[in-house]
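Each remark here refers to the structure printed beneath this line.
None of the figures in this text is laboratory data; all of them are computed from the coordinates on show. Given the structure is predicted, the values throughout are model-derived calculations rather than measurements. Reconstructed Cβ throughout: ideal geometry from the backbone, glycine too, with neighbour counts over all protein chains shown.
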Amino acid sequence: MFLECAELEPIGTNAYFVANEESKQAFVVDAPLGAFAWAEALSNSLECEIVSLLLTHGHWDHILDAHLFAEKGIDIMGHEADKMLFEKPEVMASFSIPGIEFNGFSINQWLKENEDISIAGFEMKVSEVPGHCPGSLLFYLKQESLAFVGDAIFCRGIGRCDLPGGNFDTLKNSILKNIYSLPNETKLYSGHGPITTVLAEKQDNPFVQI
Ligand SMILES: [Zn+2]
Ligand SMILES: [Zn+2]
């Protein structure tokens, strides 16, 4: 597995590029500004085809480049609770920064709790982790012992609960049920900031403790 992270504009949102050297396929997690050009350059240098864009949730900073993936016919996956944010991202304009251009796009495949999917030759389990955003998703790759968690949890932090559809009790429940229940050694790749592990957050996360 080849995995690379880029912290992108305009507010430091992580995008992940994951390639399978055997299948010569790749997927991308989240699409902040510049994610498409970055991912395309990686796919060219690795001679891999990008088959899917997985969206952890519909907040504007995670989807600014998604329309570019859509134009190339790349499958886009997300949760139906964020349908409005994907199709009309300008509804979040007042929470973004001035001068940002929004482009709506369509989701090709809606994902839901406890769904097993196979992308680019990687097996993953989908979990719903609402509380930061209604359509927040987690992608758990058991064999690789890692999970993409979006803005549900960060290294020693959690996602904001004060945006539309946010709720602390819901987020706390999501973290206890679908993140702290993963094996301790599982690496957590968040939508912002550095990588962490399930054990490190169980021990030191100041917001959610068991
Ligand atoms: Zn968010
Ligand atoms: Zn974010």
Expected sort for 158-168, 92-102 on mean C-beta neighbours within 10 Å, highest first, is 158-168, 92-102
Residue separation between residue 103 and residue 167 times 0.36 nm, minus their alpha-carbon distance, gives in nm 20.3 nm
One would report the antiparallel percent of DSSP beta bridges in the chain, rounded to the nearest 5, as 65 percent
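Give, in nm to one decimal, the length gained when the segment between residue 7 and residue 41 is fully stretched (0.36 nm per residue of separation minus the Cα-Cα distance).
So the chain would gain 10.7 nm between residue 7 and residue 41.
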Counted neighbours (other Cβ, 10 Å), sorted fewest up, put 196, 56, 170 in the order 170, 196, 56
The exposure ranking of 210, 107, 195, fewest beta-carbon neighbours within 10 Å first, is 210, 195, 107
Amide H neighbours of residue 186 at under 5 Å, excluding residues fewer than 5 places away on the same chain, with H built from the backbone geometry, are 198, 199
Here the stretch 94-111 yields Karplus 3J(HN,Hα) values (6.51, -1.76, 1.60; θ = phi - 60°; whole Hz; Gly and Pro given as x) of 5, 9, 9, 10, x, x, 7, 9, 9, 10, x, 7, 9, 8, 8, 9, 7, 10
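What number, in nm² with one decimal, is the all-direction average of the projected area of the convex hull of the alpha-carbon atoms of the stretch 61-210?
8.9 nm²
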Taking a straight Cα-to-Cα line shorter than 23 Å from residue 177, and setting aside same-chain lysines fewer than 8 residues away, one finds 112, 125, 142, 187, 202
For the stretch 60-72, in residue order, the Karplus 3J(HN,Hα) values (coefficients 6.51, -1.76, 1.60; θ = phi - 60°; whole Hz; Gly and Pro = x) are 3, 6, 9, 10, 4, 9, 4, 4, 5, 5, 4, 4, 8
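On a full-extension model of 0.36 nm per residue, what is the gain between residue 71 and residue 204, subtracting their alpha-carbon distance, rounded to one decimal in nm?
Gain on stretching residue 71 to residue 204: 43.6 nm.
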Assertion target for 202, 88, ordered by fewest C-beta neighbours within 10 angstrom first, is 88, 202
